[in-house]
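Take a look at the structure set out below.
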Amino acid sequence: MKAATASIIAGAVLLLAGVLLLLDSLRVLDSGVLVWPFIFGAAGGAFLAVFSRSRANWWAAIPGFVLLGLAAVIIATELWPGSAGDWPGTLFFLFIAAGFAAVYFREHDNWWALIPCGVMLTLALVVALPPGLDGTPVASVLFLGLAATFATLAAIPERMKWPLIPAAVLAVLGLSFAIQSTVAFGAMDYITAFVPLVAGLCLLYYAFHSRRQAAHGQGRAGTDPMKQGLGDAHGGH
């Protein structure tokens with residue numbers, strides 16, 4: 001974005017904000033409801049404009065959608081102050097998730113963005129649950145949502161295998177909490193303690209096994225040229 005264009009946009013935003021504040025001071029318009037959503041929305045739009053210009057500007061999607069989410073939440077709470085309930089929080093988490101999703105879809109090498117995206121979507125779902133639900137049902141939704149997040153990492157084109165371990169662990173925990181919320185089953189207390197232990201052992205085994213394979217591959221690569229040299233020497237004789 002050129003400096004002149006940026007100056008024009010910034011000047012227009014400040015001018016409009018000043019007009020709204022002046023009208024509010026003169027009691028002509030209750031602009032207090034509109035000023036901050038306008039400022040946040042304009043700032044978010046500016047970040048998204050930076051994001052759209054180049055793949056290298058993937059980072060701009062995160063503050064852009066966060067600021068747009070703030071604008072949307074303020075407008076929602078002002079327009080529906082009594083009936084909004086907790087859904088403005090859900091709306092805000094959805095905007096944050098959209099920011100991280102945009103980071104991934106703009107550049108697939110940023111696969112890590114799917115983790116905070118899934119976490120934000122899970123929190124949006126948790127906040128949207130009926131107020132009467134608490135305890136184990138909420139924990140079940142939380143863990144199952146996180147399990148789906150890591151399972152998604154295993155399904156993307158990179159085909160990573162390690163996310164399947166936390167996905168399985170979180171899924172078992174989520175299902176155990178779901179069963180606990182419907183049936184009084186004392187053994188579930190032991191399962192919820194046993195599963196993280198098994199998961200930790202699996203992750204340690206995976207890490208040491210991968211390191212051992214890498215070291216073994218390097219050792220073979222170092223010995224192959226020597227074997228080839230010995231073979232050439234025998235061939236010469």
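For residue 131, the conditions (1) surrounded by 20 or more Cβ atoms within 10 Å (Cβ to Cβ); (2) more than 28 Å from residue 19 (Cα to Cα) are fulfilled apart from (1). Consider residue 113 carefully, then state whether it is in contact (Cβ under 8 Å) with a residue 24 or more places away in the chain, assigned by TED's automatic domain parsing to the domain that holds residue 62 and crowded, with 16+ Cβ neighbours inside 10 Å. No; evaluated as a whole, the condition is false for this residue. The helices (runs of 4 or more DSSP H) located wholly in the stretch 1-115 that include 3 or more residues which are modelled with pLDDT under 75 occupy 3-25, 32-53. Is at least one residue of the stretch 149-168 in a helix (DSSP H, G or I) and without any contact (Cβ under 8 Å) to a residue 12 or more places away in the chain? Checking the stretch 149-168: at least one residue is in a helix (DSSP H, G or I) and without any contact (Cβ under 8 Å) to a residue 12 or more places away in the chain. For residue 96, state whether it is buried (at least 18 other Cβ atoms within 10 Å of the Cβ) and either touching a Cys at 6+ places or on another chain (Cβ under 8 Å) or farther than 24 Å from residue 140 by Cβ (or both). It is false that residue 96 is buried (at least 18 other Cβ atoms within 10 Å of the Cβ) and either touching a Cys at 6+ places or on another chain (Cβ under 8 Å) or farther than 24 Å from residue 140 by Cβ (or both).
Within the stretch 92-104, no residue that is in contact (Cβ under 8 Å) with a residue 24 or more places away in the chain sits with its Cβ atom under 9 Å from a residue that is among the hydroxyl-bearing types (Ser, Thr, Tyr) and surrounded by 22 or more Cβ atoms within 10 Å (Cβ to Cβ) at 6+ positions apart or across chains. Criterion first (in contact with a helix residue (DSSP H, G or I) (Cβ under 8 Å, 6 or more places away or on another chain), surrounded by fewer than 17 Cβ atoms within 10 Å (Cβ to Cβ) and of a type in the set (A, V, I, L, M, F, W, C)) does residue 67 satisfy it? Judged against the criteria, residue 67 is not a match. Inclusion of residue 62 among residues that are free of Cβ contacts under 8 Å to residues at least 40 places away in the same chain and of a type in the set (Val, Ile, Thr) is not warranted.
The values are calculated or read from the model by the stated rules, or taken from the named source; none is laboratory data. Values in this document were obtained by computation on a predicted structure and should not be read as measured data. Using ideal geometry, Cβ is built from the backbone for each residue, glycine included, and neighbour counts are taken over all protein chains shown.
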